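S.K.: Mind looking over this structure? Questions follow.
The values are calculated or read from the model by the stated rules, or taken from the named source; none is laboratory data. Keep in mind the model is a prediction, meaning the values are calculated, not measured. Here the Cβ positions follow ideal geometry from the backbone for every residue, glycine too, while neighbour counts run over all protein chains shown. With ligands, DNA and RNA removed, areas are computed over all heavy atoms of the protein, side chains included. Shrake-Rupley method; radii C 1.70, N 1.55, O 1.52, S 1.80 Å.
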4 protein chains.
Amino acid sequence: ASDRIFAPYSVYKGKAAFSLSPCLPTFTKLDSGALVVDRRGSIMMSFMPAIGERKYDSDKKQRFALSATEVGSLIAMGPQDSCEFFHDPSMKSSNAGQVRKSLSIKPHSNGYFVSLNVVNTLLNTKDNFSVPVTTAEFAVMKTACSFALPHIMGWDHLTSPTNQQSSGKVSFQ
Amino acid sequence: ASDRIFAPYSVYKGKAAFSLSPCLPTFTKLDSGALVVDRRGSIMMSFMPAIGERKYDSDKKQRFALSATEVGSLIAMGPQDSCEFFHDPSMKSSNAGQVRKSLSIKPHSNGYFVSLNVVNTLLNTKDNFSVPVTTAEFAVMKTACSFALPHIMGWDHLTSPTNQQSSGKVSFQ
Amino acid sequence: ASDRIFAPYSVYKGKAAFSLSPCLPTFTKLDSGALVVDRRGSIMMSFMPAIGERKYDSDKKQRFALSATEVGSLIAMGPQDSCEFFHDPSMKSSNAGQVRKSLSIKPHSNGYFVSLNVVNTLLNTKDNFSVPVTTAEFAVMKTACSFALPHIMGWDHLTSPTNQQSSGKVSFQ
Amino acid sequence: ASDRIFAPYSVYKGKAAFSLSPCLPTFTKLDSGALVVDRRGSIMMSFMPAIGERKYDSDKKQRFALSATEVGSLIAMGPQDSCEFFHDPSMKSSNAGQVRKSLSIKPHSNGYFVSLNVVNTLLNTKDNFSVPVTTAEFAVMKTACSFALPHIMGWDHLTSPTNQQSSGKVSFQ
C-alpha cells in the first residue's frame, strides 16, 4: 500500500458531509502478456453524519461506489435534472436484498441535494444523509468526475509506443 | 504484444452488445529522427448478437473503426441529432463494394439507438445489430471519446522537453 | 526549488494586469506509506497596477488564491453570470479582519471585468485592480482552469498500477 | 530533432487543404534552477492550394500561428459565431506592415469556412485559401485545441512531486 494516495474532494455541511475519491481498476495479465481489466474502477462516495460543529462521525460512514455509467449520469445532468441509483452490496449472493442503498441527486434553488439512504434489514438500521451542494461545488464534482472517468475505465493507458514503430516506411495521407 | 491493454467500454442489452476500444496510431521514424504518424488511430466499435441471457456470440462479431472525424461527429451530437457513417473495408481495391458497413446513431425517447448494418455480397450475408443506449451511457461514450480523441490523433505526445531548454537567456513578456 | 516552473497565463490591459498560475497541493506520508494531501492546491491570481505603457509595478502586486470550489464557480459561469469571493488571509488568527480581499468577476458587453479589492486596516491602504477580459481570454481561463482543477485537487495521480496486477485470474464482465 | 513528432490534423478539400499542429513552448532555466517559459507555444495552421485531385502544392504553403488567446476564441465559438485574427510577422521591425495575414472562421449552412489571406507588398503577391469544414471536423478541431491549449501554455508540467513531501505532519481539513 506504499503508493496509495488520498486526495478526496469533500463537501462539509451542517448535518452531514460527503467526499469523492476515484478508485482505479485492477488489471490481470493474460498468457499472451496483454492486460485485461479485472475489477472495474469507480468513484467512491463516502458520507458521514455531523456530531458537532465541523465534526463528523467516521464510525457511521456509509459508502456508495459510482460505476462509470453512473458517473456518466452525473456528468450529463443539466440544472433541472435529477437522478437516482440503487445498489445492493450482496447482489447475486444469498444475502441479496438485505442491504439496500440508494443515492439521489435532486435540484434545489441554488444547486442540488445529494442524499444517501441505506436500509439494513439484518441490523434493522436506517441511515439517511442529505448534503446540499452549491452549483460551484457541483461544477467541481462534474469536472473532477469527467477527468477521472477515463481513468476508472482504464483508458488512461493510452500512450502510443513511439519507440516501437516500424522503420523505413513513411506515408503521409 | 506484451503491453497491450484491454479496457473496452461495453453496453450489453437484450438483443446485442457493443464495446468501444481506442486504437492508437503507429509512428514511423524519418531519417532525421523525427516521428511521423504512419497508420491513424481510431475508436473500434465491436458488435455481437445475443444468444441467450447475458450471453453473446463472439463468432459473429462485426467491427467498425471510427475515424477522428467520425468521433468528432459523435462528440458534437445534441440530444435530437443523428448521424450515419458508411465504410467499405475494401475501398480502392478490386473487391470494392462487396462489403458495405453502415453505422447509425439515432435519438429515441430516452437516449439513442446505435445500429450497425453489414451487407456482404461475397458471402451473401446481412448482419444487423441495434443497441439502445441511455443518455448516461451516451455521456460515458462522449466523455471517453473526447478523452481518447487527442490520443488517436497522436497529439498525446505533447510534453514540452523542459530539460532541453536553451540556457542563459530569460525573457518575460 | 530546482523543478519549479513558471508559465503564468497573463492578461495585460491599460490600467492593470493579472496572471493565473496553478499551485499544486503538497502531500504527507503516513506511517502506512500512503500519501495524504497536506496543503491544498489553488489557482493563484496575481494583480499588478500599470505604471506606464506596457509596464506594471511588481512591488504593488496583490494575490488571491482560488480554491478548488472557487475554480468550480469560475468554470460554471455562463455569459451573464457574475461571482464574488471574499478572503481574509489572517482568518482564525488574532489579526482576523484586518486585511480583507474580494475578487469579483462581472459580465460586460464583450466579456467580463475581473476585479480585486484589498483593504488593509493595519497599513490603512486600499488597492483596487480592474481588468477587462474578452470572451476569448475568458475561454482560455476556463479551459486552463478546467485542466488544472484535477491537478490542484491531487487527482492527477490516477494512473492504474498495471505492473502490480494479481496474476492468474481473468474475468470479463 | 530526434524526438520531434508530426501528427497534424488535416482537412483536405477541393481547392485547398489545411492542417493543425501544436507547437510547444520553450523554457529557460533561471539561476535558481526554476524554469520560465521563453517562447510561447501555439497551434500552427498550414494551408496549401490544390493542384489536382487530392494533390496539394507544398511549395505554396502559408502558415498562421494561433496564440493561446486565439485558440480560446476558436474554442468558445458557437454555431453562428465568426472570428477573424490579423498577424504581421514583422511586427515591431523595420519591415512592419509589408506582410499582412488574416485568418477568418465564418459559419455556413453546415459548418464553417476557414480562410487565410496573405498580402505581401514586398513580393507583390496575394494568397487566398478557403476551406469548408463540416461541424464534425470543427468538433475535432475544438476538442484537439482544448486538449492542446494547456500544453501550449506550458501548464502540462503540473504533476505534484509526491516524493518530495514533508514528513511527519498530517492534517486533514
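S.K.: Shortest first, in nm, what separates the label point of B:K126 from those of the same position in the other copies (7 Å along Cα→Cβ)?
M.R.: Taking the point 7 Å beyond Cα along Cα→Cβ, the inter-copy spacings are 5.6, 5.6, 7.9 nm.
S.K.: Summarise the partner chain shielding of B:127-137 as one whole number: the mean count of Cβ atoms from other chains within 10 Å of each residue's Cβ.
M.R.: Across the residues of B:127-137, the mean count of other-chain Cβ atoms within 10 Å is 3.
S.K.: Evaluate the Kirkwood expression for the hydrodynamic radius of the range A:9-155, namely the inverse of the mean inverse distance over all pairs of different C-alpha atoms, and round to one decimal in Å. Could the numbers behind the result be given before it?
M.R.: Details: mean 1/r = 0.0606 Å⁻¹.
The answer is 16.5 Å.
S.K.: Give the accessible surface of the range C:9-154 per residue, rounded to a whole number of Å², with probe radius 1.4 Å and ligands, DNA and RNA excluded.
M.R.: On the way: 6960 Å² over 146 residues.
Computed with neighbouring chains in place, this is 48 Å² per residue.
S.K.: Just subtract the alpha-carbon distance of B:V119 and B:R54 from 0.36 nm times their residue separation and send over the number in nm, one decimal.
M.R.: Numbers: separation 65, 0.36 × 65 = 23.40 nm, distance 2.61 nm.
Result: 20.8 nm gained on full extension.
S.K.: Within 10 Å of each Cβ in peptide D:24-34, how many partner chain Cβ atoms are there on average? Round it to a whole number, please.
M.R.: If you average over the peptide's residues, the count of other-chain Cβ atoms is 6.
S.K.: Give me the extension gain from D:H108 to D:K61: residue separation times 0.36 nm, minus the current Cα-Cα distance, reported in nm with one decimal. Don't skip to the end; give the middle numbers.
M.R.: Working: separation 47, 0.36 × 47 = 16.92 nm, distance 2.50 nm.
The span from D:H108 to D:K61 would gain 14.4 nm if fully extended.
S.K.: How many nm is it between the label spots at C:S130 and C:Q98, if each spot is 7 Å from the Cα in line with the beta carbon?
M.R.: 3.0 nm
S.K.: Further question on the same structure: Roughly how much accessible area, to the nearest 100 Å², goes out of reach of solvent when B and D pair up, both sides summed, probe 1.4 Å?
M.R.: Protein heavy atoms only, the B-D interface buries about 3000 Å².
S.K.: Tilt of helix D:135-152 relative to the longest C-alpha principal axis of chain D, in degrees (0 to 90, nearest 10)?
M.R.: Long axis of D:135-152 versus the principal axis of chain D: about 40 degrees.
S.K.: For every helix of n ≥ 4 consecutive DSSP H residues, a contribution of -39,500 (n - 2.57) applies; sum these over the protein assembly as shown, divide by its total residues, and give [θ] at 222 nm rounded to the nearest 500 deg cm²/dmol.
M.R.: Working: 8 runs with 106 residues, N = 692.
Calculated at 222 nm, the ellipticity per residue is -5000 deg cm²/dmol.
S.K.: Name the residue, out of B:L66, B:L116, B:L35, whose mean-square fluctuation peaks in a Gaussian network model built on chain B with Cα pairs under 10 Å.
M.R.: Fluctuation is largest for B:L35.
S.K.: Please quote Rg/Rh for the protein assembly as shown to two decimal places, taking the Kirkwood radius as Rh and restricting both calculations to Cα atoms. Numbers along the way, then the final one.
M.R.: Values: Rg = 27.0 Å, Rh = 27.9 Å.
Checking Rg against Rh, the ratio lands at 0.97.
S.K.: Also, I was wondering about something else. About the Cα centre of the protein assembly as shown, how large is the charge dipole given +1 on each Lys and Arg Cβ and -1 on each Asp and Glu Cβ? Please answer in debye to the nearest 20.
M.R.: Working: 72 positive and 52 negative charges, 11 e Å.
The dipole magnitude comes to about 60 debye.
S.K.: Please work out the Cα center distance from the range A:7-25 to the range D:1-75, rounded to the nearest Å.
M.R.: Cα centroid to Cα centroid, the span is 41 Å.
S.K.: Next question. Can you run phi through the Karplus equation (6.51, -1.76, 1.60; θ = phi - 60°) for the range B:68-79 and list ³J(HN,Hα) in whole Hz, with x for Gly and Pro?
M.R.: After applying 6.51 cos²θ - 1.76 cosθ + 1.60, I find 3, 5, 5, 4, x, 4, 4, 4, 7, 5, x, x Hz.
S.K.: Quick one: with all protein chains in place, what share of the accessible area of chain A is carbon or sulfur, to the nearest percent (1.4 Å probe)?
M.R.: Values: 4360 of 8870 Å².
Carbon and sulfur together cover 49 percent of it.
S.K.: Give, as a single signed number, the net charge of other residues whose beta carbon lies under 13 Å from the beta carbon of C:P89, with Lys and Arg counted +1 and Asp and Glu -1. Intermediate values should be presented prior to the final figure.
M.R.: Details: positive: C:R63, C:K92, C:R100, C:K101; negative: C:D88.
It works out to a net charge of +3.
S.K.: When the Karplus curve 6.51 cos²θ - 1.76 cosθ + 1.60 is applied with θ = phi - 60°, which whole-Hz ³J(HN,Hα) does each residue of the range C:25-40 get, with x for Gly and Pro?
M.R.: x, 10, 10, 10, 8, 7, 4, 6, x, 6, 9, 10, 4, 9, 9, 6
S.K.: Still on this structure: Which whole-number percentage describes the relative contact order of chain A, with Cα contacts under 8 Å and a sequence gap of 6 or more? The partial results should precede the final answer.
M.R.: Values: 289 pairs, mean separation 32.0, N = 173.
Relative contact order here is 19 percent.
S.K.: Which of the listed residues, D:A65, D:F138, D:L116, is farthest toward the dipole's positive end in chain D, when Lys, Arg count +1 and Asp, Glu count -1 at the beta-carbon?
M.R.: Value computed over the given set: D:L116.
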